[in-house]
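Below: the structure, in structure tokens.
Nothing in this text is a laboratory measurement; each read-out follows from the coordinates by a stated rule. What you see is a predicted model; the values in this text were computed from it and never measured. Backbone-built Cβ (ideal geometry, glycine too); neighbour counts: all protein chains shown.
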Amino acid sequence: MGDRNRTDDSEGPSRARRRRGAELEEAIYTAALEETAELGLPRVTMEGIARRAGTAKTSLYRRWSSPEDIVLRALYRGYPVEQPAPGADDLRGDLVAALTLMRDSLMRPVYGRVMSSVLSEAWRRPDLHERLYAEVFDARGGRFTRTVLLHYADHGRIDPALITPVVADIGEALLFKYGIDTMAVPGDDYIAAVVDQAILPAVGRAADAGFGERDGAAD
């Protein structure tokens, strides 16, 4: 006797357990990250994501063409975005907050492993490297601290000519180097030192320089 409740996708859940809309989408993105963290990007399949998400494979193919598409979108959704002070009146505080956001967000266990897997694969695949930057990093504002620095430049607080690619890279580069050198997560004191000793001097500001009403861009 046939089972009327069976679907074409044997890995899919029963109708009573199926989720839809935003709930289903969230489950799929979570499953994609967990599959990638556990298996590595090259071994992730639509079947595996569907099984872990508790949905039918056809639900995935209605929205995405490949596991890679889902993983990149999941990374985009989880990638933190800097939120500098609207009045551009606390450059040091905003820079410290940006690097703290980077540390706390990208070093989450699952997200961090997924990002490492995708970056490793991107080393040998130029197409993936291009997609990672276009669909995740650049789409979320590019380098950490860059959004903050450009915000202050737009408000006339710092000279935009000083925000070179090298200066925009300082914070990220030093935090990653710290991790590689020490195999540890940088602490608050180290983040503050990066801001005070490297980024602020690079944009012509001292660590204790405030922004008053008459304080404009650096001369």
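Taking only C-alpha pairs under 8 Å that are 6+ residues apart, what is the relative contact order of the chain in percent?
For the chain, the relative contact order is 19 percent.
Give me, ordered by chain and number, the residues 5 or more places off Thr55 or on other chains with an amide H under 5 Å from its own placed amide H.
none
Based on DSSP H runs of at least 4 residues, each adding -39500 (n - 2.57), what is the mean residue ellipticity at 222 nm of the chain after dividing by all its residues, to the nearest 500 deg cm²/dmol?
Calculated from helices alone, the mean residue ellipticity at 222 nm is -16500 deg cm²/dmol.
Work out, in µm²/s and without decimals, the Stokes-Einstein translational diffusion coefficient of the stretch 15-74 at 10 °C, 1.306 mPa s, Rh from Kirkwood over C-alpha pairs.
For these conditions, the coefficient is 142 µm²/s.
How far, in nm, would the chain grow between Phe137 and Ser120 when pulled straight, counting 0.36 nm per residue and subtracting the alpha carbon separation?
Difference between extended and current length: 4.6 nm.
Along each of its three principal axes, how wide is the spread of alpha-carbon positions in the chain, in whole angstrom units, largest first?
Reported extents, whole Å, longest axis first: 83, 36, 30.
Where nothing but the Cβ of Lys and Arg (+1) and of Asp and Glu (-1) is charged, how large is the charge dipole of the chain around its Cα centre, in debye to the nearest 20?
1300
Normalising by the residue count of the stretch 15-74, find the relative contact order in percent from Cα pairs under 8 Å and 6+ residues apart.
40
Calculate the radius of gyration of the Cα atoms of the stretch 79-202 to one decimal place, then report Dmax, the largest Cα-Cα distance, as a whole number, both in Å.
Both quantities, over Cα of the stretch 79-202: 14.8, 43 Å.
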